[in-house]
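I have placed the structure first, in the form of structure tokens, so that the comments after it can refer back to it.
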Amino acid sequence: DAKTTQPTSMDCAEGRAANLPCNHSTISGNEYVYWYRQIHSQGPQYIIHGLKNNETNEMASLIITEDRKSSTLILPHATLRDTAVYYCIVRVDGSGSARQLTFGSGTQLTVLP
Amino acid sequence: DAGITQSPRHKVTETGTPVTLRCHQTENHRYMYWYRQDPGHGLRLIHYSYGVKDTDKGEVSDGYSVSRSKTEDFLLTLESATSSQTSVYFCAISPGTGVSSYNEQFFGPGTRLTVL
């Protein structure tokens, strides 16, 4: 799995967009970018994933650069409930044995009132 | 939210006591996983299952066994609990079919286990 680098922490004002960056400069052509988050004392929660096109769902948008070496998770209107640790994970998808998800240190996002 | 429950949610036990944690899903997903989460170590896979009666070891399987006799239930057993197994245990599931079959995992609420 490609290594990812994320800032340790970020703050965001409630109601504003939260933009969380992730660098994955060694990503391979068949590796997807996944985002999870973990709210304190809860299990991790899948947010979104993508290969090379930008993706959007009800929770967030994922912007992947053209060279795929970095990506940004966007929470369009952050709320206090979005305060969590956000993890960027790069993984091969599809066939193959199931393996653990490797969560790095992630980014602690704090949404401020 | 994916239908995953874990029981018990909290347990305190003594060293040497057997402990069984249960994960129950209502999604009919093929894959089920047990992770533990400890400060400084992140999430680590203990065991996983890719079908009824089909299981395999993860990164930290020593001291743990699992069983899956039904699609919906995945049990984690500590045969003789030790203080080093004090942790938060998370169950996860994934569909096992199609794109994102393994990497889109849905996690349960966790079980906080304390071994005295």
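The values are calculated or read from the model by the stated rules, or taken from the named source; none is laboratory data. Keep in mind the model is a prediction, meaning the values are calculated, not measured. As a convention, Cβ positions derive from the backbone with ideal geometry for all residues, glycine included, and neighbour counts pool all protein chains shown.
Scanning for something farther than 22 Å from A:GLN38 by Cβ, out of contact with any helix residue (DSSP H, G or I) (no Cβ under 6 Å at 6 or more places or on another chain) and surrounded by fewer than 19 Cβ atoms within 10 Å (Cβ to Cβ), does segment B:29-45 turn up at least one residue? No, every residue in segment B:29-45 fails to be farther than 22 Å from A:GLN38 by Cβ, out of contact with any helix residue (DSSP H, G or I) (no Cβ under 6 Å at 6 or more places or on another chain) and surrounded by fewer than 19 Cβ atoms within 10 Å (Cβ to Cβ).
Any residue at all in segment B:95-115 that is among the β-branched types (Val, Ile, Thr), within 11 Å of the chain's Cα centre (by Cα), within 11 Å of another protein chain (Cβ to nearest Cβ) and not in a loop (DSSP other than H, G, I, E, B)? Among the residues of segment B:95-115, at least one is among the β-branched types (Val, Ile, Thr), within 11 Å of the chain's Cα centre (by Cα), within 11 Å of another protein chain (Cβ to nearest Cβ) and not in a loop (DSSP other than H, G, I, E, B), which makes the answer yes.
Segment B:22-72 holds strands (runs of 3 or more DSSP E) entirely within its bounds, and those carrying 1 or more residues that are acidic (Asp, Glu) map to B:31-38, B:54-57. At least 3 residues being touching a Phe, Trp or Tyr at 6+ places or on another chain (Cβ under 7 Å) is the threshold, and among the strands (runs of 3 or more DSSP E) wholly inside segment A:1-90 those reaching it are A:31-38, A:45-50. Would you mind stating whether A:LEU109 is modelled with pLDDT of 95 or more and either out of contact with any Leu (no Cβ under 6 Å at 6 or more places or on another chain) or in a loop (DSSP other than H, G, I, E, B) (or both)? Yes, satisfied.
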